[in-house]
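The values are calculated or read from the model by the stated rules, or taken from the named source; none is laboratory data. What you are looking at is a predicted structure, and each value in this text was computed from that prediction instead of being measured. Neighbour counts run over all protein chains shown; Cβ positions are idealised from the backbone, glycine included.
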Amino acid sequence: MPQNLAQKIIAAHLREGVAQPGSEIALAIDQTLTQDATGTLAALEFEALGLSRVRTEVSVSYVDHNLLQTDFKNPDDHRFLRSMAARYGLWYSPPGNGICHQLHLLNFGRPGATLLGSDSHTPHGGGLAMLAMGAGGLDVAAAMAGYPFFLSCPAVLGVRLIGQLSPWVGPKDIILELLRRLSVKGGLGYVLEYFGPGVEGLSVTQRAAICNMGAELGATASLFPSDGQTRAFLEAQGRGQVWLPLAADAGAAYDRVEEIDLTGLEPLVACPSSPDKVRPVAELKDVAVEQVIVGSCGGGAYEDLMTLALALKGRKLAPGVNLYVNPGSRQALAQAAAASGLMLLLEAGASIFQSGCLGCIGMSQAPATGTASLRTFPRNFPGRSGTKGDAVYLCGPEVAAATALAGHLADPRELGPQAAVPPAPPVRPEALVPPVAGGAGVEILRGPNIAPFPQLAALTEDVACTVVLKVGDNITTDHIMPAGSQILPLRSNVPAISRHVFAALDPEFAGKAQQSAPAAVVGGENYGQGSSREHAALAPRYLGVQVKIAKSFARIHKANLVNFGIVPLVLADPADYDWLEAGQVVELKGLRQAILEGEERLTATVQGRALPLILKASQRDRQILAAGGLLNLIRSSL
């Protein structure tokens, strides 16, 4: 029977289960990546397993998030990660070298492999025909230990591309068009697989940018085939030996198909404050913009930098506009410099920053109060920029260039003919640190901000939780566990970072949760969308949150809740959300036994009223919940 590409890679890596959509499967993981914002905790979790070395084909520890060195915390974490990599056999990428997803694509990705990363934009690797998935750090630590990755088998949404992109229309416009159609939860439960004649004209960099923002659709992963474009990319990186042709079989079926005519696309923009609020930029010319940023994992490659530079050639920024450029990698910056693009950017008035995430996670580059910021980033959740009440728009480098020149949202098609980006010069400045042979004697360097991983108790038989917070639909992990330059450096200190849980919605949440423990949180649809940050599950659990009740959960966050022993319960009747309130006590008698016996329908009592709930969990998930978390379960097996 003909197979699509996703089915082929899943079948080749299947270790447990049957590959039917919705059933639990376990996949062997070839490669892992971590970044410093999630990687410090993942490193502590791996260390707690007591193994002497990682058991993967390739594991890489990247430093790209916490780059500001305003005190000792971030530099201490970087030393810790470098020593952990040397001790346990990981590659290490130092600060300033670039963003994990772009670097992994350039240096390690290979067609047909599986990649698990502790960052939600890991699907970037799908541009190289990898099944690349984001997950919580604990799942990645388990994969580093040689354990398979357990997940609900995704269905496959085929995206058929026809035609070819017009001048001034780029890959960001393709994924924004999908977000416009499907919404931020339209990809839940799917792998997005791109096929059709329109694929051939897209470079690997462009494909990766599209896959990157598949995370904003809630998709498990995104995939392009491996073809001549893939081979040319790998050969340019000196890695042609890992290329192999890989595509869907003729006649392969998909569970659902969307078709996009690339010829008919126009430049698009996602409006504040969600990636799916998409409109043509031509309709938004009255929006004044004071800050433009080109960069991020999905917008800082060589092609992005040169698209911007060539559009600015011989021109100056509009008065009052700040244009910041965050290269996605040291290599992209060096290549742009070798192609004279760096000088064009400087002559136009742009400011060049180091290679890293920076403003995408609120690590500097916050916009001024009451002003609009236009960014080539993947996310624009409220307050993520670091400015309360921000107005962040998302776009590709083409719209960014036109806007920086006009001082308002502008259609790049009005700039005249578009110059072609020249092939990337063969420049590859290398800063990666390879694994150390025989690292058993390497000392792990720990600063005072690195706290031991907290001990989590097993689930009790009966649970009575006080609701300490009720929130609405599409609550993001930024709402739950904020990012930014003040909070991100606390990622290796769970007691300290836990004080900031839900701080933007309720500054008293931490104290209330600890005082009321065991506690519960009530949410609406798509609870926990966005980042893979497991602190959004671990920190509430540390504070005493035992149960979360919602209309629905985002995939990665639900997995993280289970991994840290928080029971994710779905309302059997969404209308019950309306009468649930903070201060109520949710009683669940015999919860542990019901979980272990596989019961899906549960009934809680709230002030004498029955509350029907649903627990969608595999038998393995149920064992994790009963044990109080995945780390407890793995320890018992070791």
Discussion item. One residue is enough: does region 272-281 have a residue meeting the conditions over 24 Å from Pro429 (Cβ atoms), buried (at least 24 other Cβ atoms within 10 Å of the Cβ) and in contact (Cβ under 8 Å) with a residue 24 or more places away in the chain?
Written reply: yes
Worksheet item: Is there any pair with a first residue in region 201-217 that is among the charged types (D, E, K, R) and a second that is surrounded by fewer than 24 Cβ atoms within 10 Å (Cβ to Cβ) and at pLDDT below 95 whose Cβ atoms are under 6 Å apart and which are 6 or more apart or on different chains, and what are they?
Response: Glu216/Val184
Worksheet item: Among (1) under 15 Å from Ala141 (Cα atoms); (2) at pLDDT 95 or above, which single condition is Leu44 missing?
Response: (2)
Worksheet item: When region 383-408 is examined, which residues are found to be closer than 17 Å to Ile210 by Cα and surrounded by fewer than 24 Cβ atoms within 10 Å (Cβ to Cβ)?
Response: none
Worksheet item: Quick one: in region 583-617, which of the residues that are in contact with a helix residue (DSSP H, G or I) (Cβ under 8 Å, 6 or more places away or on another chain) and in a loop (DSSP other than H, G, I, E, B) is farthest from Ala537 (Cα to Cα)?
Response: Gly598
Worksheet, complete the sentence: Checked pairs for region 581-601, first among the small types (Gly, Ala, Ser), second part of a helix (DSSP H, G or I) and surrounded by 14 or more Cβ atoms within 10 Å (Cβ to Cβ), C-beta under 8 Å and 6 or more apart or across chains, list as Gly598/Arg622
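Do the conditions hold for Pro435, that is, is it crowded, with 17+ Cβ neighbours inside 10 Å, outside the structural domain of Leu165 (by TED's automatic domain parsing), more than 24 Å from the chain's Cα centre (by Cα) and assigned to a loop (DSSP other than H, G, I, E, B)? Lay out the reasoning, then the answer.
Details: crowded, with 17+ Cβ neighbours inside 10 Å: yes; outside the structural domain of Leu165 (by TED's automatic domain parsing): yes; more than 24 Å from the chain's Cα centre (by Cα): yes; assigned to a loop (DSSP other than H, G, I, E, B): yes.
Judged against the criteria, Pro435 is a match.
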Worksheet item: Among the residues of region 55-77 satisfying the criterion of being at pLDDT 95 or above and outside any loop (DSSP other than H, G, I, E, B), which is surrounded by the most Cβ atoms within 10 Å (Cβ to Cβ)?
Response: Tyr62
Worksheet item: In region 91-120, what count of residues is obtained for those that are among the small types (Gly, Ala, Ser), on the phi < 0 side of the Ramachandran plot and either buried (at least 24 other Cβ atoms within 10 Å of the Cβ) or assigned by TED's automatic domain parsing to the domain that holds Ser531 (or both)?
Response: 5
Worksheet, complete the sentence: Filtering region 309-327 down to residues that are in contact with a Leu (Cβ under 6 Å, 6 or more places away or on another chain) and among the aromatic types (Phe, Trp, Tyr) yields none
Worksheet item: Restricting the search to region 218-254, which residues are under 25 Å from Arg180 (Cβ atoms), polar (S, T, N, Q) and outside any strand (DSSP E or B)?
Response: Thr220
Worksheet entry | Counted residues, region 30-51 - those being of a type in the set (D, E, K, R) and surrounded by fewer than 24 Cβ atoms within 10 Å (Cβ to Cβ) | 2
Fill in: Tally of residues being assigned to a helix (DSSP H, G or I) and not hydrophobic (A, V, I, L, M, F, W, C) across region 452-484
3
Discussion item. For region 316-339, give me each residue that is touching a helix residue (DSSP H, G or I) at 6+ places or on another chain (Cβ under 8 Å) and either part of a loop (DSSP other than H, G, I, E, B) or among the hydroxyl-bearing types (Ser, Thr, Tyr) (or both).
Written reply: Lys316, Leu317, Ala318, Val321, Tyr324, Pro327, Gly328, Ser329, Ala339
Discussion item. Restricting to region 541-558, and then to whatever is touching a helix residue (DSSP H, G or I) at 6+ places or on another chain (Cβ under 7 Å) and either crowded, with 23+ Cβ neighbours inside 10 Å or not assigned by TED's automatic domain parsing to the domain that holds Leu633 (or both), can you tell me which residue is nearest to Val184 (Cα to Cα)?
Written reply: His557
Item to complete: Among residues belonging to region 354-377 that are assigned to a loop (DSSP other than H, G, I, E, B) and out of contact with any strand residue (DSSP E or B) (no Cβ under 7 Å at 6 or more places or on another chain), point out the one that is nearest to Gly299 (Cα to Cα).
Response: Cys357
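Got a sec? Which of Val287, Val292 is out of contact with any Gly (no Cβ under 9 Å at 6 or more places or on another chain), crowded, with 24+ Cβ neighbours inside 10 Å and in the same structural domain as Ala366 (by TED's automatic domain parsing)?
Being out of contact with any Gly (no Cβ under 9 Å at 6 or more places or on another chain), crowded, with 24+ Cβ neighbours inside 10 Å and in the same structural domain as Ala366 (by TED's automatic domain parsing) holds for just one of Val287, Val292, which is Val292.
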Item to complete: Answer with yes or no whether Thr371 is touching a residue at least 24 places away in the same chain (Cβ under 8 Å), outside the structural domain of His78 (by TED's automatic domain parsing), of a type in the set (S, T, N, Q) and in contact with a Cys (Cβ under 9 Å, 6 or more places away or on another chain).
Response: no
Practice prompt. Give region 397-426 a look and list any residue that's touching a strand residue (DSSP E or B) at 6+ places or on another chain (Cβ under 7 Å) and either assigned to a strand (DSSP E or B) or of a type in the set (Gly, Ala, Ser) (or both), or say none.
Written response: Ala400, Ala404, Gly407, His408
Fill in: Lone qualifier among Ala6, Ala12, Ala42, Ala37 - being of a type in the set (Gly, Ala, Ser), assigned to a helix (DSSP H, G or I) and over 22 Å from the mean Cα position of the chain (by Cα)
Ala12
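Within region 255-275, count every residue that is part of a loop (DSSP other than H, G, I, E, B) and closer than 17 Å to Val399 by Cα.
Result for region 255-275: 6.
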Worksheet, complete the sentence: Expected output for region 289-316 (first residue on the phi < 0 side of the Ramachandran plot and touching a residue at least 12 places away in the same chain (Cβ under 8 Å), partner among the basic types (Lys, Arg) and buried (at least 24 other Cβ atoms within 10 Å of the Cβ), Cβ below 6 Å, 6+ apart or cross-chain) is Ile293/Arg375
Worksheet entry | Boolean, Ala503 is in contact with a strand residue (DSSP E or B) (Cβ under 8 Å, 6 or more places away or on another chain) and without any contact (Cβ under 8 Å) to a residue 60 or more places away in the chain | no
